[in-house]
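Beneath this line is the structure, given in structure tokens, with notes to follow.
The values are calculated or read from the model by the stated rules, or taken from the named source; none is laboratory data. None of the values given here were measured: they were computed from a predicted structure. Cβ placement follows ideal geometry from the backbone for every residue including glycine, while neighbour counts extend to all protein chains displayed. Just the protein is used for accessible areas: all its heavy atoms, side chains included, with ligands, DNA and RNA removed. Shrake-Rupley method; radii C 1.70, N 1.55, O 1.52, S 1.80 Å.
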Amino acid sequence: MLSNQQLKKILEKTDIMPVAEFDKFLKEAEKYGKNIENYLIEKKIITSNSLYESAASYFNVPFINLKDQAIRKDILFSVPEPIASTHKIIAFAGDDKEIKIACLDPENLEIFEFIKKKANLDPKIYITTPDSLADALKQYHKSLKSEFKELANENYEGGDVNLKKLAENLPIVRIVDTLLEYAIFEGASDIHIEPEEKDILARYRVDGILRTVMTLPKNVQPGIIARIKILANLKVDEHRLPQDGRFKINAKDYKVSFRVSIIPTFDGEKIVMRLLNEKAQVLTLEQLGFQPSALNTIKRNISKPHGMTLVTGPTGSGKTTTLYTIVNILNTPEVNILTIEDPIEYRMPHINQSQVNPKIGYTFASGLRAFLRQDPNIIMVGEIRDQETAEIAIHAAMTGHLVLSTLHTNDAVTTLPRLSDMGVPSFLVASTTNLIVAQRLVRKICPNCIQSYKLDKPVIVELKQQLDMENIMQTLEKKKIIADAKRGIETLLFYRGKGCKQCSNTGYKGRIGIYEALEVTDEMSELILKKASPSELIKQTERQDMLTMVEDGFIKAKNGITTIEEIMRVTKE
């Protein structure tokens, strides 16, 4: 459907309705909680056909009515069904040079570029009406249904050979290809294929949030699972045990590695695929979203010749990305860098990356021991999971190596007692730890639909109950984000996304980190040696002027990068 702004311009330019009259109808539509376009059509002020014919002349593209028009199957499927449904577009005709696309919004250039690359044809854009498009989109289901019927008749009880044959079936290949390509296009980090009692659900994790993109009939389940198992080089006839594998997709514009995990569930095998973009650029610390004070702390500590830097946070909080960024800064010809990871997520040039293999006894601890005989300057350990790994890592940091690793803790301060709980003596923690970075990932506000607002009373009450707002306001004033902390949070403008086509109406696009960087100073070391309580350690971080994750989040919310809701979502424990 057309946006209010587009609609207003079209009606004004084609002399259908003066602006004052449009504004009057807009107020009426809002009063009844209706969309203005639907309201005008419902009231018979304008017909859908005349509106979209006017839109076609406004955008200078041809108009097409697709009602009762049969579309060739090969042309229809040149735009995958989930993309057609989400972006309200359809391919309806074409030849070996161009493909004709009917849509509601000819300004959606990003999607047309995607189709051009996928189909390798020049798209010719037409405008159609929402009813006509909805009618044409039904042809996907008719077409897929007939293909699914054929699949339902396949006999896949005969084991490995039949499952392999099933995995080569055209509709199965098409479904899996579409799932993978669309995930890359949407910028998903994970694909979940979940069997349910009567159907299969396909969900993508985009910007940390899962959403359903496709529901498929149950009878395609064996084919989809077999197809993915063949791609990942797994046992096709093994249905009772978990399996792990990986495969790559190489194309002109992207090189993506898929990490596949399959587990048996009550309704069949569930598949999760992690997407790793191998062409992704390694970001700088500034691009990751570190504040200047935290940046200085990190740069000062990673330039030390030995000691340990830890990055902490829950699963999926971007710890590995931060570690890779630091390693990339340290990656010079003068040093020997070794990494031990589970698994290796991104390949980095001139760095010796090793992957653990517990099946043959190659663990973080045994790998680390071997590393120390490899004359390293810098060692990166994917994760400290147990006492043995922690002790070896700390001894390596003590004996003149720079050690980088991750740990699962909620904030920077609780990392210190966590190491003690693992059985590492306090004096070792105090003398070897240089820096602890704690982090979370928050979604960024979509720049296309950002708008400002003031916080409602209930939200302010909740914030004051859960957080030390006085302290946060003083920090904002100290960092020159606001002029006067005494005026209170009630007076501040914050930002959020209204929701638009570019962000799939979520109001968010992309993610950024919120951080706290705790430097282990001499004073902090003394407190660790004394086995000080967390509250004493927190007081010391305040004396060191450390910015907490919540404070960093509020700075980013006030600067229009993220929302208060996101900060609360990721920091609540």
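One Cα centroid belongs to segment 1-46, the other to segment 292-345; the line between them spans 54 Å.
Take Met422: with every protein chain present and a 1.4 Å probe, its accessible area is about 20 Å². Extending 7 Å from the Cα toward the beta-carbon at both Glu477 and Glu197 defines two label points whose distance is 6.0 nm. Centre-to-centre, using Cα atoms only, segment 482-503 and segment 540-561 are separated by 16 Å. Angle of helix 4-13 to the longest C-alpha principal axis of the chain, folded into 0 to 90 degrees and rounded to 10: 40°. Accessible surface computed residue by residue for the chain, with neighbouring protein chains in place and a 1.4 Å probe, gives 49 Å² per residue.
Gain on full extension, evaluated as 0.36 nm per residue between Tyr453 and Ala70 minus their Cα-Cα distance, stands at 133.1 nm.
Put simply, the amide H of Tyr508, placed in the peptide plane, has neighbours under 5 Å in Cys446, leaving out anything fewer than 5 places away on its chain. Compactness of segment 468-572 was expressed as the Cα radius of gyration divided by 2.2 N^0.38 Å, which yields 1.30. The residues Glu197, Glu566, sorted by heavy-atom accessible surface at 1.4 Å with ligands and nucleic acids left out, run Glu197, Glu566 from largest to smallest. Using a probe of 1.4 Å, the accessible surface attributed to Ile340 totals some 0 Å² when neighbouring protein chains are kept in position.
Apolar share of the accessible surface for the chain: 49 percent from carbon plus sulfur atoms, 1.4 Å probe. Computed over the chain, the per-residue total of -39500 (n - 2.57) for DSSP H runs of n ≥ 4 gives a 222 nm mean residue ellipticity of -12500 deg cm²/dmol, rounded to 500.
Given the choices (1) 26.2, 83; (2) 25.5, 79; (3) 28.1, 82, Rg and Dmax of the Cα atoms in Å derived from the coordinates of this structure is entry (3).
Measure nothing fancy, just the Cα-based angle from helix 549-558's long axis to the longest principal axis of the chain, in degrees from 0 to 90, nearest 10. Rounded to the nearest ten degrees, it is 40. Ordering Phe258, Phe114 by accessible surface, largest first, gives Phe114, Phe258; the 1.4 Å probe counts only protein heavy atoms, with every chain in place. Need the C-alpha centroid separation for segment 378-422 versus segment 442-470, integer Å. So the separation of the two Cα centres works out to 35 Å.
Translational diffusion of segment 434-529 was estimated from the Stokes-Einstein equation, with Rh taken as the Kirkwood radius over Cα pairs; at 20 °C and 1.002 mPa s the coefficient is 131 µm²/s. Taking θ as phi - 60° and the Karplus parameters 6.51, -1.76 and 1.60, the scalar couplings of segment 484-490 work out to 9, 5, 5, 5, x, 5, 4 Hz in sequence order, x denoting glycine and proline. Summary value for the chain: 9 percent relative contact order, contacts being C-alpha pairs under 8 angstrom separated by 6+ residues.
In the chain, the longest principal axis of the Cα atoms and the axis of helix 457-466 are about 30 degrees apart.
For segment 1-153, the convex hull drawn through the C-alpha positions has a volume of 124 cubic angstrom per residue.
Per-residue 3J(HN,Hα) values for segment 381-388, derived from phi via the Karplus relation 6.51 cos²θ - 1.76 cosθ + 1.60 with θ = phi - 60°, read 10, x, 7, 8, 10, 9, 4, 4 Hz in sequence order (x marks Gly and Pro).
Thr409 sits with roughly 10 Å² accessible to a 1.4 Å probe, with DNA, RNA and ligands left out of the calculation.
Within the chain, what percent of beta bridges assigned by DSSP are antiparallel, to the nearest 5?
Just about 65 percent of them are antiparallel.
Mind checking the full-extension length gain between Lys117 and Lys138? Use 0.36 nm per residue of separation minus the Cα-Cα distance, one decimal, nm. Extra length available between Lys117 and Lys138 comes to 5.1 nm.
Within segment 300-391, report the trypsin sites (Lys or Arg not before Pro) that DSSP leaves as loop and that have at most 12 other Cβ atoms within 10 Å.
When the trypsin sites (Lys or Arg not before Pro) of segment 300-391 are filtered for loop state and at most 12 Cβ neighbours within 10 Å, Arg347, Arg373 remain.
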